[in-house]
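Visitor: Can you keep this structure in mind? I'll have questions shortly.
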Amino acid sequence: MKRIYFDNAATTQVDRRVFSAMKPYFCDIYGNASSLHSFGLASKKALEDAREKVATKIGAKHNEIIFTSGATEADNLVLRGVVYKNAGTGNHIVTTEIEHPAILETCRFLETQGTRVTYLGVDKNGLISLDELEKSLGPKTLLVSIIFANNETGVIQPIKGIGRIIKKYNKKNSTKIYFHTDAVQAFTKIDIDVEKMNIDLMSLSAHKVYGPKGIGALYVKNGTQIEKITHGGHHEYNFRPGTENTASAVGFGKTSELFEPASYKKLENIRKYLIKKLKKDISDCYINGPSTSSGQAPSTSSGQAPSTSLRTSPETGNVLNSIVNVTIKGAEGESMMLLLDKEGISVSTGSACASSSLEPSYVLQAMGVPKEEAHGSLRISMGKDSKKDEIDYFIYHLKIIVAKLRKLNPLI
Ligand code: PLP
């Protein structure tokens, strides 16, 4: 049976060049990178080379990259670390309703300890309002944490604009509000320059971009006041104790070196092709994401977008080329996903972290998608090597599956 993997936002295959780069650091160069003998120094050199590669990719300095076990840890470290270290200055975080659970659940935990959190909403295209952000800042605000590109929809936030607002606010009020972004889905797909974008803190993960699982990083701009949240050593500039994961760091460095926005360029056409085919072959479906200047359907009086047509035309604009999130009326997402899997096609109904819950996506609901329609949504996340014939195969089976499910649906 043909097998097609359209769940690259959940994780990716390790690139074979990344795997080759990592291999020597298991059985041959295995010293503890903190040991001072030659075995240790060989590992240390590889670790620092990897750090340099990740730093270069985002315009950071070598000593501003803290390796972690992944972005979940980086997100925890940044939120708790900033709140704990700066408790004497403030107690307020600004974030959004559409963050990854690693941010949202950490915020909820901090709320139980007295932190105040503002959750910014988004419009029907999944974008925050810069005006609302500006209004939410106050003398007690310590941190603004806003996802760079959403993992369910691919929607890219106006990161430069956010950075400018925070910089302006800090200048005017002589405060220090830090700007953090979870850039897991954007890393290597979008050019990122932390200096130009006024970013103080950024979470990254290797396994979304052809690197190994279990390694990520937190970029911490020099001078940022952050407390460590685990104890037991002075590794990673005293921010994150624990024996360094040299082999995985090498893999992360290699993937940072190998991939850049141009590596995903051809996906622009594949995405357009997928949307065109969905429009043509599947009735009553719409894409969840931002629109181009033309072809945008008007919103209803409730502020919700109409649900009976292809809602937007996100062929270009503020969305990753790799993700298409589609709502298909009258067909249930989990059922579509499982029936597609039987045909060898892997897609998801949303974030992998929430896939065991049967609750419809909170990201789509924040965009105004009614609960019952959010239940009928699929995330198709393509990889750099996805092909048009895979889209054809997917659409062929999806059409049959949707017809079958609609027939069984007593509500239509
Ligand atoms: N943030 C975003 C936006 C993600 O997509 C993910 C992965 O699902 C994470 C954080 C968590 O990353 P990790 O798997 O490295 O802990």
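Visitor: When you go through (1) free of Cβ contacts under 8 Å to residues at least 12 places away in the same chain; (2) open to solvent by 100 Å² or more (accessible area, probe 1.4 Å); (3) polar (S, T, N, Q) one by one for S38, which number turns out not to apply?
Guide: (2)
Visitor: Quick check: anything in the range 145-154 under 24 Å from E227 (Cα atoms), more than 16 Å from the ligand (Cβ to nearest atom) and either of a type in the set (D, E) or touching a Leu at 6+ places or on another chain (Cβ under 7 Å) (or both)?
Guide: Checked against the condition, which is being under 24 Å from E227 (Cα atoms), more than 16 Å from the ligand (Cβ to nearest atom) and either of a type in the set (D, E) or touching a Leu at 6+ places or on another chain (Cβ under 7 Å) (or both), the range 145-154 yields no hits at all.
Visitor: Taking the options E48, E105, E52, name whichever one is acidic (D, E), within 14 Å of the ligand (Cβ to nearest atom) and at pLDDT 95 or above.
Guide: Every option except E105 fails the conditions.
Visitor: Are any residues in the range 215-234 away from the ligand (no atom under 11 Å from the Cβ) and among the β-branched types (V, I, T), and if so, which ones?
Guide: V220, T224, I226, I229, T230
Visitor: Looking at G121, G126, G59, can you tell me which residue is farther than 30 Å from E244 by Cβ, of a type in the set (G, A, S) and away from the ligand (no atom under 16 Å from the Cβ)?
Guide: G121 is the lone residue from the list that is farther than 30 Å from E244 by Cβ, of a type in the set (G, A, S) and away from the ligand (no atom under 16 Å from the Cβ).
Visitor: Which of the residues spanning the range 47-91 are farther than 17 Å from G214 by Cβ, of a type in the set (G, A, S) and in a helix (DSSP H, G or I)?
Guide: A55, G81
Visitor: Can you name the condition, by its number, that Y119 falls short on among (1) outside any strand (DSSP E or B); (2) open to solvent by 20 Å² or more (accessible area, probe 1.4 Å)?
Guide: The one condition Y119 does not meet is (1).
Visitor: Another question, then. For the range 200-214, which positions are open to solvent by less than 10 Å² (accessible area, probe 1.4 Å) and within 8 Å of the ligand (Cβ to nearest atom)?
Guide: Hits for the range 200-214 are S203, S205, A206.
Visitor: Which number in (1) closer than 27 Å to V18 by Cβ; (2) away from the ligand (no atom under 16 Å from the Cβ); (3) open to solvent by 10 Å² or more (accessible area, probe 1.4 Å) marks the one condition that V194 misses?
Guide: Among (1) closer than 27 Å to V18 by Cβ; (2) away from the ligand (no atom under 16 Å from the Cβ); (3) open to solvent by 10 Å² or more (accessible area, probe 1.4 Å), the lone unmet condition for V194 is (3).
Visitor: Let me ask something additional. Open to solvent by 10 Å² or more (accessible area, probe 1.4 Å) and assigned to a loop (DSSP other than H, G, I, E, B) - does that describe any residue in the range 267-280?
Guide: no
The values are calculated or read from the model by the stated rules, or taken from the named source; none is laboratory data. Quick caveat: nothing in here was measured; it's all calculated off a predicted structure. Glycine also receives a Cβ, built like all others from the backbone with ideal geometry; neighbour counts cover every protein chain displayed. The protein model used for the area step is the full one, side chains on, heavy atoms only, and it has no ligands, DNA or RNA in it. Shrake-Rupley method; radii C 1.70, N 1.55, O 1.52, S 1.80 Å.
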